[in-house]
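A.B. asks: Once you've had a glance at the structure underneath, I'll fire off some questions.
The values are calculated or read from the model by the stated rules, or taken from the named source; none is laboratory data. This one's a predicted model, so the numbers in the text were calculated from it and none came from an experiment. When the accessible area is computed, the model is the full protein with side chains, heavy atoms only, and any ligands, DNA or RNA have been set aside. Shrake-Rupley method; radii C 1.70, N 1.55, O 1.52, S 1.80 Å.
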Amino acid sequence: MQERLQKIISASGLMSRRAAEECIKVGRVSVNGVAAALGMSADTETDNILVDGRPLPTAGEKLYIMLNKPKGYVTTLHDEKDRRCVTELLSGLHARVYPVGRLDMYSEGLLICTNDGEFANRLMHPSHEVEKCYLTWVQGEDVGEAVEYLRYPMEIDGYMTRGAEVDIISLLPGGAELAITIHEGRNRQVRKMCAAVGLRVTKLRRVREGSVELGDLPAGKWRSLTAEEIASFDLSLIHI
């Protein structure tokens, strides 16, 4: 059966659909010995699909992992600057997984990893709008007024975000600890939103994604998501 190439690669568990699209764009994918183009379709039964000259992995057990990412690790499989990658923390797995979304190097907390490309793609897709809650330590003047501004839509990098849900956990000297819940999860979004209202983030920890909570999982450790946690994302309702 003919399917879009990026969907085939994603379904193999090799990488997310978005990452597959980038691989196709830069010429890392070939079909029957010919460099593939974005938008191309193929049939896994009859076509020879290679990524970086290697065949796609055969479908195996799907893994769904929650990692408590510590500060100082980048959310990539490999880093050209030789920084520590989150994959170094996933020892004991019998298959390769990759992160769903990102946490920047200086942020910490809940990071979902999987080898299920369709799961990852749907979880990241804007139509799903999975809530993400961050404990956020900030410094700045008039935190109360800044918090009110955070609750309204604002433009970040040319994109209009929805208003955040913000609770003041505690007031601190020169700042506060906030719980900030967003829906989009764009690059460094919480940091940029805070900067836009005059707050400087000193610490950022993601503690919830959808209804899945980080809980007391120690920093640098991982565990498998339960069947109930996987089902809580209700991916069957998403049609892309």
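A.B. asks: 5 Å is the cut-off here: which amide hydrogens, built 1.01 Å from N in the peptide plane, fall below it relative to G109, excluding neighbours closer than 5 in sequence?
C.D. replies: K69, R206
A.B. asks: Could you identify which residue out of G33, G174, G92 has the top mean-square fluctuation in a GNM of the chain using Cα springs shorter than 10 Å?
C.D. replies: Comparing G33, G174, G92 in a Gaussian network model of the chain, the most mobile one is G92.
A.B. asks: Taking θ = phi - 60°, what integer Hz values does the Karplus form 6.51 cos²θ - 1.76 cosθ + 1.60 yield along the range 23-37, in sequence order, with x for Gly and Pro?
C.D. replies: 4, 5, 4, 8, x, 8, 10, 10, 10, 6, x, 10, 4, 7, 10
A.B. asks: Averaged across orientations, what area in nm² does the convex hull of the alpha carbons in the range 10-153 project?
C.D. replies: Average of the hull's projected areas for the range 10-153 equals 11.5 nm².
A.B. asks: Can you compute the equivalent ellipsoid semi-axes for the range 91-135, i.e. the square root of 5 times each eigenvalue of the Cα gyration tensor, sorted largest first and rounded to whole Å?
C.D. replies: They are 19, 17, 8 Å, listed from largest to smallest.
A.B. asks: Which residue fluctuates most in the GNM of the chain (Cα springs below 10 Å): N32, N121, N68?
C.D. replies: Residue with maximal mean-square fluctuation among N32, N121, N68: N32.
A.B. asks: Consider the candidate values [x] 8, 27, 29, 21, 10, 4, 1, 0; [y] 7, 30, 39, 20, 4, 0; [z] 7, 28, 32, 22, 8, 2, 0; state which one is P(r) over Cα pairs in 10 Å bins from 0, in percent computed from the structure displayed.
C.D. replies: Entry [z].
A.B. asks: Would you mind checking K71/K192; K69/K132; K71/K203 for any pair whose Cα atoms are more than 21 angstrom apart?
C.D. replies: Among K71/K192; K69/K132; K71/K203, the Cα-Cα distance tops 21 Å for no pair.
A.B. asks: Roughly how many Å is it from the Cα centre of the range 22-62 to that of the range 140-198, as a whole number?
C.D. replies: 41
A.B. asks: Ok, one more. Calculate what fraction, in whole %, of the accessible area of the chain sits on carbon and sulfur atoms when a 1.4 Å probe is rolled over the protein chains.
C.D. replies: Carbon with sulfur: 50 percent of the solvent-accessible area.
A.B. asks: Let me ask something additional. In whole Hz and in residue order, list the ³J(HN,Hα) couplings for the range 204-213 that follow from phi through the Karplus curve 6.51 cos²θ - 1.76 cosθ + 1.60, θ = phi - 60°; x for Gly and Pro.
C.D. replies: My calculation for the range 204-213 gives 9, 9, 7, 10, 8, 9, x, 9, 8, 10 Hz in order.
A.B. asks: Skipping prolines and chain starts, which residues have an amide H placed within reach, meaning under 5 Å, of the one on Y98, given they are 5 or more residues away or on another chain?
C.D. replies: Those lying under 5 Å, H to H, from Y98 are T114, N115.
A.B. asks: Taking only C-alpha pairs under 8 Å that are 6+ residues apart, what is the relative contact order of the range 136-188 in percent?
C.D. replies: Working: 75 pairs, mean separation 19.5, N = 53.
For the range 136-188, the relative contact order is 37 percent.
A.B. asks: May I ask you to give the solvent-accessible area per residue for the chain, in square angstrom, as obtained with a 1.4 angstrom probe?
C.D. replies: Spelled out: the 1.4 Å probe surface of the chain, per residue, equals 52 Å².
A.B. asks: Given H placed 1.01 Å from N in the peptide plane, which residues other than close sequence neighbours of L172 have an amide H under 5 Å from its amide H?
C.D. replies: Answer set, sorted by chain and number: E177.
A.B. asks: Under 8 Å for C-alpha pairs, at least 6 residues apart: give me the relative contact order for the range 4-155, rounded to a whole percent.
C.D. replies: Across the range 4-155, relative contact order equals 23 percent.
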